[in-house]
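Student: If you scroll down you'll find the structure; I have some questions about it.
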């Protein structure tokens with residue numbers, strides 16, 4: 001089965017938050033869970049310049065997801081495409097006092113699994129698998145004005161990464177990336193900046 | 001996909017998003033008269049399938065539980081919030097009768113009728129006033145777009161902005177315009193330009209993402225714009241960087257301009273702009289020697305005194321460098337359905353009535369078919385007419401989609417006038433601090449609830465269309481109906497019928513056919529096609545498009561001189577700045593700028609849309625870390641912003657993006673808080689902005705570049 005990933009070239013991100021609301025709509029989310037978020041980096045002094053960037057982040061779709069590892073009922077699974085999915089029924093049926101939503105604390109990345117109080121489940125980006133099944137792009141990918149986010153088989157994304165100079169960064173730190181092996185990869189701007 | 005039916009219940013309607021004025025293409029998925037989803041329309045030439053958060057959240061706007069659904073009549077005291085539901089017939093009859101009565105008793109000029117931000121009904125509003133006989137049409141053009149239009153009229157003979165053409169530019173000057181937040185749909189064309197290697201110059205007191213990646217970022221003192229523009233013109237002329245051929249052939253008054261700007265050296269501008277003279281020179285050189293180059297001017301310049309004269313200086317820079325109406329330069333804006341504002345029917349208003357207009361923007365109406373429309377200043381002279389009856393009484397205000405209690409400067413003065421006006425009708429989507437003051441409240445239709453010939457869907461928001469099109473016009477197609485909401489055109493039609501005034505129609509379709517007549521299609525035909533396109537013609541001035549007395553681009557304007565205004569732009573310092581008001585600055589030492597675009601909101605809209613409010617939940621004031629330390633303010637503290645008009649509080653955002661001598665606060669109200677004021681006195685920044693003195697030509701108030709002090713709110717003062 002082909003493995004999917006997301007490539008985020010945030011040089012072009014304008015911080016408009018379209019992706020976040022596209023995600024809210026697609027997943028019919030109430031206020032609270034934010035599966036897709038746009039973080040602001042800076043403004044900070046880097047060398048002679050004052051720099052700011054926007055950084056879109058979501059579930060990193062790890063090959064070895066710590067959230068899945070800690071879930072006591074095994075409600076978080078990897079599907080054949082490498083997408084991290086929540087078994088909503090299993091999650092809903094689990095007493096949250098029992099599981100303590102361990103998945104959220106286990107995630108080393110900026111957007112951990114998000115708790116949806118209306119459904120009493122945690123949710124995360126599912127790469128809009130329902131749209132992909134219909135032959136459409138994930139909603140954030142489609143609606144992103146500046147085409148910051150690319151969805152596709154990891155093999156094809158790797159080609160794009162090569163074409164763009166083989167520069168990727170590890171949002172969340174090098175160590176978690178080595179262990180977790182995310183399927184979501186960020187390409188940074190060529191300008192200097194720091195990640196905090 | 002267009003018009004397809006998914007199953008017996010769900011239908012897909014292709015229309016145009018108007019959550020701002022961008023006009024992106026959308027498919028609305030509708031089931032049982034409810035929008036269940038919105039998707040971008042990949043066939044739309046501008047948005048190409050993408051949308052911004054304001055469009056993507058539209059179902060929460062249309063189907064919001066607080067929507068106004070029926071006409072309401074006030075039953076309690078004004079502002080008490082007691083209403084009774086009435087029918088549209090009752091509403092129309094009562095409004096028509098009251099307006100007729102006031103017209104007979106005091107003259108039509110006692111009626112002010114107007115709009116907020118245009119939702120495709122600017123011309124209808126002005127047309128209604130002209131046929132009713134009142135010169136007092138209001139349009140908040142005095143601090144948005146109007147200065148660009150007015151200076152366009154006096155500079156190159158068209159009341160329109162000279163819009164930047166990002167599609168082919170090699171140098172973009174973003175002047176007080178954070179395009180990627182103001183018009184997010186244009187972002188891609190800007191980032192494409194960078195990838196082509198386009199230069200970027202940003203004039204902005206705040207560090208934006210554009211500023212952070214600019215070749216030159218000028219962190220100008222708020223209010224220093226005219227000085228910067230004039231000193232750049234000085235440099236361009238002095239160093240002979242101008243396009244001699246274009247200037248000789250197409251410009252009028254170059255020698256006068258050259259002499260005029262001699263005194264405006266970059267050294268002179270340095271203390272006024274807080275920018276090093278050498279950096280100003282470097283900027284002028286980069287702009288003038290990179291071809292083609294475009295200037296994107298924003299409202300920052302317009303919400304100051306001298307607004308339109310500063311705009312004139314910016315246009316002059318474009319002409320001096322030969323960047324007028326060429327690919328990658330600044331574009332002359334000519335709609336395909338006749339001139340912009342041509343459907344106002346200005347001729348219907350007798351000259352003796354026009355002469356009665358209350359002081360304000362209409363003074364600069366040329367009375368020329370290419371001239372700017374009439375509009376009265378919504379400000380001190382109008383409030384005075386209401387409160388004192390001088391120069392004559394104003395008894396009625398009729399506003400469509402307008403929220404001046406939040407949007408206009410000096411809220412206290414606005415409220416005083418609204419308390420006193422005899423008859424106030426306001427249309428909107430929700431109860432706002434303005435509708436709360438009304439006698440009759442009308443439920444307006446949001447964009448999915450209306451059909452329109454979208455000729456007001458401006459290329460300002462989509463300059464990239466100009467690659468292939470000259471101002472495309474789109475069809476909006478109604479998808480749902482909420483309650484009894486009506487769009488403005490229908491309201492004007494009905495009132496015109498009852499008041500027996502001309503210029504309107506029995507049905508909206510007849511009005512659409514009228515609009516489409518110049519291109520020879522009917523509404524029925526247009527609705528099916530969805531778009532009218534016309535090929536782009538560059539260098540239109542070669543075909544007689546400079547409608548100025550000289551037929552040229554006018555550096556020197558005889559028209560302005562005759563009207564008693566400076567024929568060339570001058571440096572004018574704002575009324576309340578560290579330079580003009582040093583005594584006030586001792587007590588109020590910080591410079592205040594207000595109202596930059598929050599990407600998830602448009603003007604005063606959408607604070608009640610859950611998906612958007614979640615992203616930007618509370619009003620933020622931006623403070624430099626040094627300043628914050630000086631005042632003992634920490635990130636997240638509630639901070640009072642006090643000017644001579646009063647104080648409001650916003651939450652501190654400590655950031656390097658702002659100059660230590662400047663703070664920036666946003667426009668705000670709390671739709672969820674109780675009426676009549678919905679929290680405006682707590683956090684709406686326009687409580688403390690300045691409405692007077694205003695620009696003598698068009699009435700622009702000062703909302704950027706005021707003096708304030710800040711201090712932390714104590715525990716009891718928070719909520």
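None of the figures in this text is laboratory data; all of them are computed from the coordinates on show. What you see is a predicted model; the values in this text were computed from it and never measured. Backbone-built Cβ (ideal geometry, glycine too); neighbour counts: all protein chains shown.
Student: Which Rg and Dmax, in Å, describe the Cα atoms of chain B?
Tutor: That works out to 24.4, 73 Å for Rg and Dmax.
Student: Which peptide among B:79-90, A:100-111 comes first, and what is the full order, when sorted by highest mean count of other Cβ atoms within 10 Å?
Tutor: Going from most to least packed, we get A:100-111, B:79-90.
Student: I would also like to ask the following. Calculate, in nm to one decimal, what residue B:9 and residue B:69 gain on full extension: separation in residues at 0.36 nm each, minus their alpha carbon distance.
Tutor: 19.2 nm
Student: Normalised by the number of residues in the range B:554-693, what is the relative contact order in percent for Cα pairs under 8 Å and 6+ residues apart?
Tutor: The value is 23 percent.
Student: Related question: If you rank B:388, B:702, B:446 by fewest surrounding Cβ atoms within 10 Å, what's the result?
Tutor: Exposure proxy ranking, most exposed first: B:388, B:446, B:702.
Student: Can you show me the helix-derived [θ] at 222 nm for chain B, built from DSSP H runs with n ≥ 4 at -39,500 (n - 2.57) apiece and divided by the number of residues, rounded to the nearest 500.
Tutor: -8000 deg cm²/dmol
Student: Separation between the residue B:82 and residue B:105 pseudo-spin-labels, each 7 Å from Cα along Cα→Cβ, expressed in nm?
Tutor: Those two pseudo-labels are separated by 2.3 nm.
Student: Pairs of alpha-carbon atoms within less than 8 angstrom and 6+ residues apart define the contacts here; what relative contact order does chain B have, in percent?
Tutor: Normalised by residue count, the contact order of chain B is 19 percent.
Student: Can I ask one more? When the Cα centres of the range B:614-629 and the range B:638-716 are compared, how far apart do they sit, in Å?
Tutor: What the calculation gives is 12 Å, centre to centre.
Student: Within 10 Å of each Cβ in peptide B:209-217, how many partner chain Cβ atoms are there on average? Round it to a whole number, please.
Tutor: Per-residue shielding by partner chains comes out at 4.
Student: Then there is this: Using 1/(1 + (r/R0)^6) with R0 = 22 angstrom and r between the beta carbons of residue B:711 and residue B:582, what's the FRET efficiency to the nearest 0.05?
Tutor: The formula returns an efficiency of 0.55 here.
Student: Let me confirm one metric for peptide B:600-611, namely the mean number of other chain beta-carbon atoms within 10 Å of its residues' beta-carbons.
Tutor: 2
Student: Quick one: go through the range B:296-311 and flag any residue whose amide nitrogen is under 20 Å from the point 7 Å out along the Cα-to-Cβ line of residue B:241.
Tutor: It comes to B:296-298, B:310-311, nothing else.
Student: In what sequence do A:84, A:150 fall when counting other Cβ within 10 Å, fewest first?
Tutor: Placing the least packed residue first, the sequence is A:150, A:84.
Student: Okay, next question. What ranking do B:121, B:44 get, fewest neighbouring Cβ atoms within 10 angstrom at the top?
Tutor: B:121, B:44
Student: Shifting gears a bit: Round to a whole angstrom and tell me the spacing of the C-alpha centers of the range A:138-152 and the range B:487-563.
Tutor: Comparing the Cα centres of the range A:138-152 and the range B:487-563, I get a distance of 37 Å.
Student: Calculate the spin-label point distance for residue A:46 paired with residue B:561, positioning each point 7 Å from the Cα along the beta-carbon direction, and give it in nanometres.
Tutor: With each label point 7 Å from Cα toward Cβ, the separation is 5.3 nm.
Student: For the pair residue B:90 and residue A:93, what calculated FRET efficiency results from E = 1/(1 + (r/R0)^6), where r is the Cβ-Cβ distance and R0 = 60 Å, to the nearest 0.05?
Tutor: 0.65
Student: What is the Cα centroid distance between the range A:1-65 and the range B:131-176, reported in whole angstrom?
Tutor: 36 Å
Student: Between residue B:289 and residue B:644, 0.36 nm times their residue separation minus their Cα-Cα distance comes to what?
Tutor: 123.3 nm
Student: Please work out the FRET efficiency for the pair residue A:129 and residue B:673, using the Cβ-Cβ distance as r and a Förster radius of 41 Å; give the result to the nearest 0.05.
Tutor: After rounding to 0.05, the efficiency reads 0.50.
Student: Please compute the length gained on full extension between residue B:31 and residue B:268, using 0.36 nm multiplied by the number of residues separating them and subtracting their Cα-Cα distance.
Tutor: Result for the pair: 78.9 nm of gain on full extension.
Student: Here's another thing I want to ask about it. Which percentage, to the nearest 5, of the DSSP beta bridges contained in chain B is antiparallel?
Tutor: Beta bridges within chain B, antiparallel portion: roughly 50 percent.
Student: If every alpha-carbon in the range B:162-332 counts as one equal scatterer, what log10 I(q)/I(0) does Debye give at q = 0.12 1/Å?
Tutor: With no solvent term, the Cα-only Debye profile gives -0.47.
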